[in-house]
Amino acid sequence: MTRMKTVIALALAMWLGGATALVLKGVSLLRSAYSMDEAAAWPLIALVTGVIVGALKARFIMSRSAHKNIARIRALPEPRLWQFFSGPFFVALAAMIGAGVTMSGSAAGHFKWLCVVGGVDMSIGVALLLSSIVYVPALRLKD
């Protein structure tokens, strides 16, 4: 039997992996925009806005989602490794990744879209990063 802490740790690892990927992708897109027009302030504005919006999302949306996921995992009678997220969440995650890839591809070479998509990626990445702290206390509890 898989320990509950292991499933929660996998959820945290996925949360942090998504945060890392999105922050790196956001920075990359914003650097591309900056390289197109070094005098423009929009890449910096998108970065700062992304961080602020991400912090708000972490506080009001993503932390709640993390708490709900932990409660769902704790309610599993016999947790399995693949149950760190629910089935519907995996479907939604695949759709979000597909949308992100499409948006990034569409933004390539377009200054304004690089700023927009880079800012969105930063906001989601920062929200995941800051809300990941919710998982830490759950790892300290006994199975």
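The values are calculated or read from the model by the stated rules, or taken from the named source; none is laboratory data. On a predicted model such as this, the values are computed, not experimentally measured, just so you know. Cβ placement follows ideal geometry from the backbone for every residue including glycine, while neighbour counts extend to all protein chains displayed.
Results, tabulated for the structure shown:
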quantity: Boolean, residue 118 is in contact with a helix residue (DSSP H, G or I) (Cβ under 9 Å, 6 or more places away or on another chain), among the small types (Gly, Ala, Ser), part of a helix (DSSP H, G or I) and under 21 Å from residue 25 (Cβ atoms); calculated: yes
quantity: Hey, residue 127 more than 17 Å from residue 12 (Cβ to Cβ), of a type in the set (Gly, Ala, Ser), part of a helix (DSSP H, G or I) and at pLDDT 95 or above or not; calculated: no
quantity: Residue tally, condition hydroxyl-bearing (Ser, Thr, Tyr) and within 20 Å of the chain's Cα centre (by Cα), over region 94-111; calculated: 2
